[in-house]
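Since every read-out is calculated from the coordinates, none of them should be taken as a lab result. As the structure is a prediction and not an experimental result, all values here were calculated from the model. Heads up, the Cβs are rebuilt from the backbone with ideal geometry, glycines too, and the neighbour counts pull from every protein chain shown.
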Amino acid sequence: MRLQSKLTLFSAASKAVVLLLLVLVIPPLVHRVALHNTDDRLIQKREQVLRIIEEQGIESFISEEDNGAYGSYNLLKEEFISLEQIPEAVAVDTIENSLRKVEGEVVEYRVLSLTFEVEGNFYLMEIGRSLATIGENTDTLQQYALYFLVAVVLITVFIDLTFSKILLRPLMLIIRRLQRIGHPGAFKPQQLQTTTSDFLYLNNTINNMMGQIQAAFLKEKEFIGNVSHELLTPISILQTRLENLLTDPELPEHILIKMVENQKTLHRMKSIIQTLLLISRIENEQYLKNESVDLKILADEVAEEIAERAEVKQVGLEVNISEDWILPQANYTLLFTMLFNVVNNAIKYNKPDGKVTIEGHVNGKGYALKVKDTGIGIDAEQIPNLFNRFKRLHAPDGESHGLGLSIVQTVAQFHRIKLKVLSTPGEGTTFTFLFPKAEAVIAS
Amino acid sequence: MHVLVVEDEASLATELMHFLKQERYRCDWAPNGQDASEKIAVNLYDFILLDLGLPDYNGLDLLQEAKQLDHEPAIIILTARGSLEDRVQGLDLGADDYLPKPFSLLELQARMQAVLRRKFKVKSSVLAFHGFELDSADRRLSYQGQEITLTKKEYDLLHYLLLHKNRILTRLQLTEHIWGNILEDDYDSNYIDVHIKNLRKKLSAHSTIEWLETVRGVGYRLTV
């Protein structure tokens with residue numbers, strides 16, 4: 001997941017959690033505050049009532065004909081005050097919720113109860129306030145708080161998103177530049193316009209490291225190219241000298257056979273050097289991609305060239321290309337060498353009466369060319385080493401120099417072809433060339 | 001045939017000339033461009049074998065000098081540079097063929113013969129041997145007028161053996177001739193043996209072929 005998405009998600013999630021907490025916590029909180037306010041008011045009223053009683057005397061509320069009780073409601077039954085004479089001295093001073101029936105209607109009140117003594121008589125005073133009033137206030141408050149919070153969360157998430165986008169822009173730029181290059185050789189160092197020192201450091205470090213990698217690559221390529229080239233002349237001399245010696249009729253047979261062995265060894269050396277030189281030349285872009293190559297024709301010609309080898313090994317060779325594909329800009333000779341080497345391996349490491357099939361079909365926007373064999377297969381742990389130079393899987397002491405697949409890989413890279421190897425030991429190997437979509441054709 | 005070998009490597013020039021003399025060419029050696037330039041101005045060469053990497057001269061300049069001569073010698077470029085550009089440039093400037101180093105002397109001779117055939121418009125392209133006739137223009141083989149169908153590889157093998165008749169060709173030399181333009185992982189002489197076996201089968205249906213000899217442990221020889 002991208003950093004920016006993570007940051008945005010995190011900011012949204014944390015705010016959502018805070019919002020949830022507030023939504024859960026606010027109702028009881030508001031309720032408690034409201035109760036507290038109500039209680040305060042009840043206590044205030046108690047003081048007022050007590051003061052009035054003191055000033056006017058209890059008689060103005062309770063006389064003999066009133067059965068010793070006084071009650072007063074306001075019009076909407078939101079509040080009441082009652083005074084009542086009680087026979088015994090019971091000390092009560094509480095505030096609590098209780099249900100009262102008022103004119104046939106049950107209403108829940110917050111009720112303050114207090115007993116007091118006036119002139120030897122005991123009285124109970126109750127002051128009540130309807131809880132429905134409190135509830136209404138709480139609901140309204142809660143609703144507005146919720147709207148406000150949601151708005152705050154949305155606004156801050158949006159601000160976070162925008163800000164992190166601006167802040168991370170240099171990082172995105174670095175990533176886009178890195179995505180564009182397939183090989184360190186294609187990297188061009190670029191400056192970054194930002195005030196964030198971390199990104200500047202990152203960019204400079206990447207530029208620096210890539211520069212070092214490029215220099216090392218270049219040196220290696222130059223070295224291989226130069227060495228190979230310099231070795232070609234002495235090899236030429238040795239080869240021609242051996243050829244001249246071989247024609248000497250005086251040469252005894254046992255020496256002649258040794259000469260032939262020498263020739264083979266020299267050939268192996270020559271082949272290694274020529275291969276390294278070929279790889280180095282491809283990497284140095286000394287080959288042109290100026291031919292249009294029809295993959296069906298290519299496969300047919302490779303098959304024709306190699307058919308007799310398949311016959312010798314008693315391996316069936318079949319070209320089965322259902323859909324054709326044309327590479328507008330390619331190098332036929334190099335592609336031929338590439339496919340030839342893979343098909344040759346498929347034949348060489350096959351079993352008698354085995355089979356090699358060259359298949360091709362459109363694959364998404366690109367094309368897949370497959371070389372399938374029923375050969376001895378490759379162990380899974382060997383596959384990653386398959387393209388390493390001088391890696392020989394099957395014939396450590398044979399004539400193979402282990403550069404065949406290096407050629408294949410280099411030519412593939414040169415043409416932006418992806419390679420995929422699937423193998424089951426004992427059953428066979430499928431070697432797939434994945435050709436990219438042909439931009440030039442689509443453009444035209 | 002008079003050949004000028006322009007090659008700064010003395011050992012290589014020695015081997016080249018040894019071979020060419022055996023093949024009855026007359027040879028001169030020029031170790032540098034200056035010397036070569038003087039020699040081609042004075043002598044009438046039929047062939048110039050030209051190394052492009054000379055110490056004092058750009059080989060391509062020498063090529064242009066040689067092309068201005070009236071008698072137009074055939075020119076084969078021999079070079080270790082072997083880049084595509086060199087090859088294209090060399091052929092554009094009028095070289096008749098181009099052989100990258102290291103090359104086989106047998107290959108060189110085959111190329112020289114092909115160049116001569118083109119250059120001097122040799123009309124007859126038919127090689128006759130033991131009652132067989134090989135037409136190199138049409139790539140056809142026949143026995144007393146009766147055509148024998150050969151595969152491409154069988155034809156190439158027979159032609160090469162015939163071109164270098166009476167000489168032992170090692171399996172490697174034959175392999176290089178047939179598969180040499182493809183760089184591959186290894187060398188397997190087995191394939192040559194099978195091709196020769198098939199070739200023998202086709203030829204022996206018409207005549208005895210004791211003249212296509214196997215040299216044990218070495219290779220093959222076609223004697224005429």
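One table, with the values for the structure above:
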read-out: Cβ charges +1 (Lys, Arg) and -1 (Asp, Glu), total dipole of the protein assembly as shown, debye; value: 3420
read-out: For segment A:1-92, convex hull of alpha carbons as volume per residue, Å³; value: 167
read-out: Rounded FRET efficiency, nearest 0.05, which uses the C-beta distance separating residue A:314 from residue A:176 and R0 of 35 Å; value: 0.05
read-out: Number of partner chain Cβ atoms within 10 Å, mean per residue of A:229-238; value: 6
read-out: Dipole-positive endmost among A:277, A:408, A:217 within the protein assembly as shown (Cβ charges, Cα centre); value: A:277
read-out: Label-to-label distance, nm, for residues given as residue A:297 and residue A:424 (7 Å Cα→Cβ offset); value: 3.7
read-out: For segment B:35-132, size of Cβ-based charge dipole, Lys and Arg +1, Asp and Glu -1, in debye; value: 620
read-out: Summed side-chain charge close to residue A:433 - residues other than residue A:433 whose Cβ falls under 10 Å, Lys, Arg +1, Asp, Glu -1; value: +3
read-out: Per residue convex hull volume, Cα atoms of segment A:197-283, in Å³; value: 79
read-out: Inter-centroid distance (Cα atoms) of segment A:104-180 relative to segment A:309-324, Å; value: 79
read-out: A:378, A:358, A:282 arranged by Cβ crowding within 10 Å, fewest neighbours leading; value: A:282, A:378, A:358
read-out: For residue A:317, residues with placed amide H under 5 Å, excluding near neighbours; value: A:356
read-out: Orientation-averaged projected area, Cα convex hull of chain A (nm²); value: 44.6
read-out: Highest-MSF residue in chain A out of A:416, A:51, A:32 [GNM, Cα springs under 10 Å]; value: A:51
read-out: Over segment B:128-224, relative contact order from alpha-carbon pairs under 8 Å, at least 6 apart, %; value: 30
read-out: Top of A:119, A:79, A:108 by mean-square fluctuation, Gaussian network on chain A, Cα under 10 Å; value: A:119
read-out: Loop-located trypsin sites (Lys or Arg not before Pro) in segment B:124-224 whose Cβ has at most 10 other Cβ within 10 Å (DSSP); value: B:216
read-out: Rg to Rh, two decimals, where chain B supplies the alpha carbon set and Rh follows Kirkwood; value: 1.01
read-out: Max mean-square fluctuation residue, GNM over chain B, Cα-Cα springs under 10 Å, options B:136, B:11, B:37; value: B:11
read-out: Among B:131, B:198, B:219 the positive-end extreme of the charge dipole of segment B:81-224 (Cβ point charges); value: B:131
read-out: D (Stokes-Einstein, µm²/s), Kirkwood Cα radius, segment A:3-158, 1.002 mPa s at 20 °C; value: 113
read-out: Selection from A:140, A:120, A:102 lying farthest towards where the dipole of segment A:3-158 points positive, charges on Cβ; value: A:140
read-out: Against the rule of thumb 2.2 N^0.38 Å, how large the Cα Rg of segment A:291-442 comes out; value: 1.00
read-out: Segment B:1-35 versus segment A:206-275: alpha-carbon centroid distance in Å; value: 23
